[in-house]
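Coordinate-derived values only; no laboratory data. Predicted model, so just to flag it, every value in this text is computed and none were measured. Cβ atoms come from the backbone with ideal geometry, glycine included; neighbour counts cover every protein chain shown.
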Amino acid sequence: MSTIEELDVIRLTVPMEGADVFDKARVIPLPVGSEGTVVHVFGAGAAFETEFLVFDNPADPEDYTSVQIAVEAAQCELSWRCPA
C-alpha cells in the first residue's frame, strides 16, 4: 500500500458528508468513489485533510462547491499520485 502524501488524490471507500465551505449550513453528501485532493496529512498518514470539489452543473466548470473534511486512512484509497 502506498503512503498518501499532500497533493495526492484520494478516492472515498465509504460515503461521507461535509459542509459547503461557502455556506456552512449546506451539507453535501460525498458518495463512495468521490475523489478529493489531500491538503494536509495528520499523524504520519492516519488521516488526511481533503478538499472535494462538487460540481452542481457539470457543463459549467465555474458552478461548484468545495467541501473540506478530514478523512481517515481506512476510509479512502490512493487514486492518483502527484508527480514529483
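Computed values, structure above
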quantity: Where chymotrypsin sites (Phe, Trp or Tyr not before Pro) fall in DSSP loop in region 2-49, at most 15 other Cβ within 10 Å; calculated: F22
quantity: Listed residues G18, I28, V71: farthest to the positive end of the dipole of region 9-80 (Cβ charges); calculated: V71
quantity: Label point distance in nm, T13-D63, each placed 7 Å from Cα along Cα→Cβ; calculated: 3.5 nm
quantity: Exposed GluC sites (Glu not before Pro) absent - longest run of the chain, DSSP non-H/G/I/E/B, at most 14 other C-beta within 10 Å; calculated: 7-61
quantity: Global size of the chain as Cα Rg and Dmax, reported in angstrom; calculated: 12.7, 38
